[in-house]
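These notes concern the structure reproduced below.
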Amino acid sequence: MKFLTTPPPIEVGGRHFKRYHVTADPAGISPEVEKAACAVLPQLLPEADGTPAAGFLVLHKGGDTGAYLNVYSWVWDNVLHFRGAAAGQPALDCPDLDPTHFAVQSRPWIGCVWELPPVAHERDAWVRHMLAPEEPDLAAYLTDSLPEGTTGGRA
């Protein structure tokens, strides 16, 4: 089980992102890892297609040297686009053990078991605020995050 926190949303490249941090350390993710993840984020964005420019990201600091950035963007009105980057994990072809040296990944993996709880919540939040209402409400979507806690035992 890991800790899940929800820092405030950010805007990058004209796109709004809700943020989730996953870590085994109750102190959270270091500012250095967070800054490095934000620096690589623009490389992981899809082309604009008229869908409200929003999504969410999961930044996961593993118990070892690894750090993982999963970026999920809404495209084509109801499709979830994924791109990811990893740092400090030689098994994922990272060049070194530095958790701030992110490399864009080409693997089609969408996240480990500890990173996936936000995906189910975000699907429901997108439907609730953007697809079901007569008028989409991006502001409401951006304030509807999975509650902080742990990544295990969620129903």
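How many angstrom lie between the C-alpha centres of segment 1-19 and segment 92-108? The two parts, judged by their Cα centres, are 20 Å apart. Put a dot 7 Å past the Cα of THR6, heading toward its Cβ, do the same for ASP64, and the two dots end up 3.2 nm apart. If the elastic network links every pair of Cα atoms under 10 Å, which of ALA39, ALA103, ALA53 fluctuates the most in the Gaussian network model of the chain? Of ALA39, ALA103, ALA53, the Gaussian network model singles out ALA39 as fluctuating most. Each label was represented as a point 7 Å from its Cα along the Cα-to-Cβ direction; for ARG107 and ASP124 these points are 2.9 nm apart. Charge dipole (Cα centre; +1 on Lys/Arg Cβ, -1 on Asp/Glu Cβ; no other charges) of the chain amounts to roughly 260 debye. Can you give the angle from 0 to 90° between the axis of helix 117-126 and the longest principal axis of the chain, with both taken from C-alpha atoms, to the nearest 10? Tilt relative to the chain: about 20 degrees.
Anyone know which of GLY84, GLY66, GLY13 comes out most mobile in the 10 Å Cα GNM of the chain? Highest fluctuation among the options: GLY13. Computed with a 1.4 Å probe over protein heavy atoms only, the accessible area of SER73 comes to about 0 Å².
In order along segment 28-35, phi translates into HN-Hα couplings of x, 8, 5, x, 5, 5, 4, 5 Hz, rounded to whole numbers, per the Karplus curve 6.51 cos²θ - 1.76 cosθ + 1.60 with θ = phi - 60° and x for Gly and Pro.
Computed over the alpha-carbon atoms, segment 30-155 gives an Rg to Rh ratio of 0.99, Rh here being the Kirkwood radius from the mean inverse distance. By the helix-only formula, in which each DSSP H run with n ≥ 4 contributes -39500 (n - 2.57) and the sum is divided by residues, the chain has a 222 nm mean residue ellipticity of -4500 deg cm²/dmol. Available extension along the chain between ASP137 and VAL75 is 20.7 nm, counting 0.36 nm per residue and deducting the alpha carbon span.
Once the 1.4 Å probe is applied to the protein heavy atoms, segment 1-94 comes out at 44 Å² accessible per residue. Taking the DSSP beta bridges in the chain as the whole, what percent of them are antiparallel, to the nearest 5? Roughly 75 percent of the DSSP beta bridges within the chain come out antiparallel.
Across ALA120, ALA85, ALA27, mean-square fluctuation computed from a Gaussian network of the chain (C-alpha pairs under 10 Å connected) peaks at ALA27.
Just the protein heavy atoms count here, and of the accessible area of segment 61-134 at 1.4 Å, carbon and sulfur take up 59 percent. The loop-placed GluC sites (Glu not before Pro) in segment 53-135, going by DSSP, that have at most 12 neighbouring Cβ atoms within 10 Å of their Cβ come out as GLU134.
What residue among MET1, LEU131, PRO147 has its Cα farthest toward the positive end of the dipole of the chain, where the charges are +1 on Lys, Arg and -1 on Asp, Glu, each on the Cβ? Of the options given, the answer is MET1. Ordered from largest to smallest accessible area (heavy atoms of protein chains, 1.4 Å probe), the residues VAL79, VAL71 come out as VAL79, VAL71.
Short-range pairs are left out: with C-alpha atoms under 8 Å and at least six residues apart, the relative contact order of the chain is 23 percent.
The values are calculated or read from the model by the stated rules, or taken from the named source; none is laboratory data. These figures come from a predicted structure and were not determined experimentally. Virtual Cβ from ideal backbone geometry, glycine too; neighbours counted across all protein chains shown. Accessible surface areas use protein heavy atoms only, side chains included; no ligands, DNA or RNA. Shrake-Rupley method; radii C 1.70, N 1.55, O 1.52, S 1.80 Å.
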